[in-house]
Amino acid sequence: MNEFTLDQVKDAVVYDVNGDKVGSVEQVYLDARTNDPSFVTVRTGFFGMKETFIPLANAELSEDRLTVPFEKDFIKDAPNIGADGPIDHSEELRIWDHYGIDYSEGDRSGEHVGDPTDDDGDADGSSRLRKHT
């Protein structure tokens, strides 16, 4: 399991599994249960008007270079949101599904976090990702 701090990832540049530059980290999303960074976004789309989510699971960080275990085209096909837009529960589910992550797994480590029926999880339809501001 990789442990990243907010300060380590917020200024990183994302590279794909082949070493191709994907883009600079725009936003860092924290797991609402653990408060740990679990996803980052990079700007994509025409004029960079969209932000595409990338999970930090199995990513490697070396100085300001964040290498993720996905190809650039696969990342670009991931669900995205409007820049500075909120994310809702249904969008989260689409993101997890795209990357083949079991939503019930919890945080980016793949461990189940907490009781799925508690008030700060996803059983009530609330979002598990929280944008760091």
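The values are calculated or read from the model by the stated rules, or taken from the named source; none is laboratory data. All values derive from a computational prediction rather than experimental measurement. When we count neighbours, we look across all protein chains shown, and the Cβ atoms used for this are built from the backbone with ideal geometry, even at glycine.
Return the residue satisfying two criteria in turn: it lies in segment 88-110 and is touching a helix residue (DSSP H, G or I) at 6+ places or on another chain (Cβ under 7 Å) and surrounded by fewer than 16 Cβ atoms within 10 Å (Cβ to Cβ), and of such residues it is modelled with the lowest pLDDT.
Of everything passing the filter in segment 88-110, TYR103 is modelled with the lowest pLDDT.
With the requirement that a residue be within 14 Å of ALA57 (Cα to Cα) and not in a strand (DSSP E or B), what does segment 25-38 give you?
ASP36
Where the second residue is surrounded by fewer than 16 Cβ atoms within 10 Å (Cβ to Cβ) and at pLDDT below 90 and the first is of a type in the set (D, E, K, R) and in a helix (DSSP H, G or I) and lies in segment 50-78, which pairs have Cβ atoms under 9 Å and are six or more apart or on separate chains?
Going by the 9 Å Cβ cut-off, the qualifying pairs are LYS76/GLY45.
If we keep just the residues of segment 7-24 that are β-branched (Val, Ile, Thr) and not in a loop (DSSP other than H, G, I, E, B), which is surrounded by the most Cβ atoms within 10 Å (Cβ to Cβ)?
Per the stated criteria, the residue is VAL14.
Looking only at segment 20-40, decide whether some residue is modelled with pLDDT of 85 or more, β-branched (Val, Ile, Thr) and farther than 18 Å from HIS132 by Cβ.
Yes, because at least one residue in segment 20-40 is modelled with pLDDT of 85 or more, β-branched (Val, Ile, Thr) and farther than 18 Å from HIS132 by Cβ.
Tell me which residues, restricted to segment 18-46, are over 24 Å from SER127 (Cα atoms), in contact with a helix residue (DSSP H, G or I) (Cβ under 9 Å, 6 or more places away or on another chain) and not small (Gly, Ala, Ser).
Answer for segment 18-46, where residues must be over 24 Å from SER127 (Cα atoms), in contact with a helix residue (DSSP H, G or I) (Cβ under 9 Å, 6 or more places away or on another chain) and not small (Gly, Ala, Ser): ASN18, ASP20, LYS21, VAL22.
In contact with a Gly (Cβ under 8 Å, 6 or more places away or on another chain), surrounded by 13 or more Cβ atoms within 10 Å (Cβ to Cβ) and at pLDDT 90 or above, is that true of VAL68?
no
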